[in-house]
Amino acid sequence: MGGAERLKILFASSEVAPLAKTGGLADVSGSLPKAIKSLGHDIRVVMPFYKMAKANAKSVKTVVDNMSVPISDRTIKCSVDVSELDGKVPIYLIKKDSYYNRNELYTVKHEDYKDNAERFIFFSRAILEMLKHIDFMPDIIHCNDWQTGLVPVYLKTLYMNKEGYENIGTVFTIHNLGYQGIFWALDMHLTNLPWDVFNMDGIEYYGNISMLKAGLMYADALTTVSKGYSKEIQTSEYGLGMDGILRYRQKDLYGILNGADYDHWSPEKDPYIVAQYDKSNLENKTKCKIDLLQEFGLKAKASTPIIAMISRLADQKGFDILTGAIEELMQMDIIFILLGTGDPKYHEIFTKISDKYPNKTGIRIAFDNSLAHKIEAGSDMYLMPSKYEPCGLNQIYSLRYGTIPIVRATGGLDDTITDIHEDPRNGFGFKFSDYTIKALASTVKRAVSYYSHKEAWAQLVWRAMSLDYSWEKSGKEYLKVYKKILKEKNVAVLV
Ligand code: ADP
């Protein structure tokens, strides 16, 4: 360890790839811990044992047979299993079937489960109870998004004087400020927290409980997933009502860019694509394009670019300006491919678009990881016109697949993509600033016109595929944050 101390970190997340995933949080939770582990630290992950995770987890063992978790005036019994992420990082799975053995993680028919407050109060509490039963007392608990927002509150209240818990530091990472874990005040009894935390400086938010605010107020340090987003969320435009708190906590707030897990997202070893390739073997990318067109029953000339999106169908992702621009896009010589699921209003809109332009669009309303990989490999451009974007992962994956991003300059998209016209020597993408139909349409037009210059395009692809957004650098930045917290708590660590 070269003199540096080996930290013990528990990484708590409500979704972890490849076990259970609805979005980017799962990708981060499945890959950042591996990076921290390879920097020499003892990091372990914890998440609920969902039905989806049961189908995907390998070599699962029970580590805690029977454990009690207080919820209101009840004592809930559960158990804890353990598995491993890519054979590298242990992952504890909190098993309580009545909460987690359901088809979806958070919703049924696009509506939140009615007992989500209880499900994630339980999860937060079970994480802390589990520590009494396993041989691992962390220096740091790294919490992620509202589902784990109560952990720092518990540590500063009910567990404050409990032996072993006094010195645990907490980091709370904001993956998306739009999901605030808001529940009515009558759920307070489920938390067993004292009522004095239910105020403006605590977990109360306009008369309700906000589990996101809980994390923001009580964690020792806050991070979010890009520098750009860490600044944006301190403004009223992007702060979604939390900007005041974030300005108040400014000195403890760090922007650390997400990395890509190239173990899972690299065209040279991707098991889901028809022909693996790298930047010196792009004929195979053409095979992937042909395969993708076949998948959707489409035909196109080689000179017609495929523009793709893989996304939650949510307003945040820019679908209102996209649907406004779609008629103009359909006049261009392009194929548009979309894989997504989410807001039913967009299911309807895109089904209509697909009926109107069957030869120019491939629309799949689904969540399908293997198809996501085929799309990354087979497309020429990747569109991300987000209204806001904390980091965004698909634009980063796209670069590695030689699929050139067209993005709106916001948050992590702005931080990761350099526009070719703004910086002709180093650029590798197309970017627009105004959140308008016009800016989106004209930027797509600019990209399509660039595509017709084969040599220039090939250079762009080469440059994109040469970039490295792996986790190591960001993993080191997280370690700095962990060590700073422990130093401030006067816990002996060599920094
Ligand atoms: P967010 O977390 O806001 O949804 P990100 O770009 O950070 O957006 O991450 C999204 C992740 O979820 C990516 O790995 C993407 O490929 C995946 N994803 C999103 N929608 C789908 C879908 N319909 N099918 C398969 N994968 C999807």
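Before moving on, here are some points about what is shown:
- Test: residue in segment 393-412 that is open to solvent by 10 Å² or more (accessible area, probe 1.4 Å), free of Cβ contacts under 8 Å to residues at least 12 places away in the same chain and not polar (S, T, N, Q): no
- Pairs linking a residue in segment 5-24 that is under 20 Å from H264 (Cβ atoms) to a residue that is more than 13 Å from the ligand (Cβ to nearest atom) and of a type in the set (K, R), with Cβ atoms under 9 Å and 6 or more positions apart or on different chains, are F11/R44; L19/K54; A20/K51.
- Matching entry among T418, T443 (being out of contact with any Ser or Thr (no Cβ under 9 Å at 6 or more places or on another chain) and open to solvent by less than 10 Å² (accessible area, probe 1.4 Å)): T443
- Only one entry of S124, S79 meets the criterion of being of a type in the set (S, T, Y) and either within 24 Å of the chain's Cα centre (by Cα) or modelled with pLDDT under 95 (or both), and that entry is S124.
- Segment 225-267, residues that are modelled with pLDDT under 95 and among the β-branched types (V, I, T): none
- Of all residues in segment 352-373 being more than 16 Å from the ligand (Cβ to nearest atom) and of a type in the set (D, E, K, R), the one that is farthest from G297 (Cα to Cα): K352
- Summed over segment 214-252, residues that are open to solvent by 10 Å² or more (accessible area, probe 1.4 Å) and part of a helix (DSSP H, G or I) total 15.
- Residue satisfying condition, being open to solvent by 10 Å² or more (accessible area, probe 1.4 Å), closer than 17 Å to M465 by Cβ, over 18 Å from the mean Cα position of the chain (by Cα) and away from the ligand (no atom under 13 Å from the Cβ), within set D434, D380, D423: D380
- Applying the condition of being in contact with a strand residue (DSSP E or B) (Cβ under 9 Å, 6 or more places away or on another chain) and open to solvent by 10 Å² or more (accessible area, probe 1.4 Å) to segment 115-130 and asking which residue is nearest to A12 (Cα to Cα) yields R125.
- Within segment 45-92, the set of residues being crowded, with 19+ Cβ neighbours inside 10 Å, under 29 Å from R6 (Cα atoms) and in contact with a helix residue (DSSP H, G or I) (Cβ under 8 Å, 6 or more places away or on another chain) comprises V45, V46, M47, P48, F49, V64, M67, V80, L85, V89, Y92.
- When I335, I365, I375 are checked against the criterion of being surrounded by fewer than 22 Cβ atoms within 10 Å (Cβ to Cβ) and not hydroxyl-bearing (S, T, Y), a single residue qualifies: I365.
- Test for I326: is it under 30 Å from G239 (Cα atoms), in contact with a Phe, Trp or Tyr (Cβ under 7 Å, 6 or more places away or on another chain) and β-branched (V, I, T): no
The values are calculated or read from the model by the stated rules, or taken from the named source; none is laboratory data. The model shown is predicted, which means the values in this text are computed figures rather than measured ones. Every residue, glycine as well, gets a Cβ built from its backbone with ideal geometry; the counts of neighbours run over all protein chains shown. Quick note on the areas: whole protein, heavy atoms, side chains included, nothing else; ligands and nucleic acids left out. Shrake-Rupley method; radii C 1.70, N 1.55, O 1.52, S 1.80 Å.
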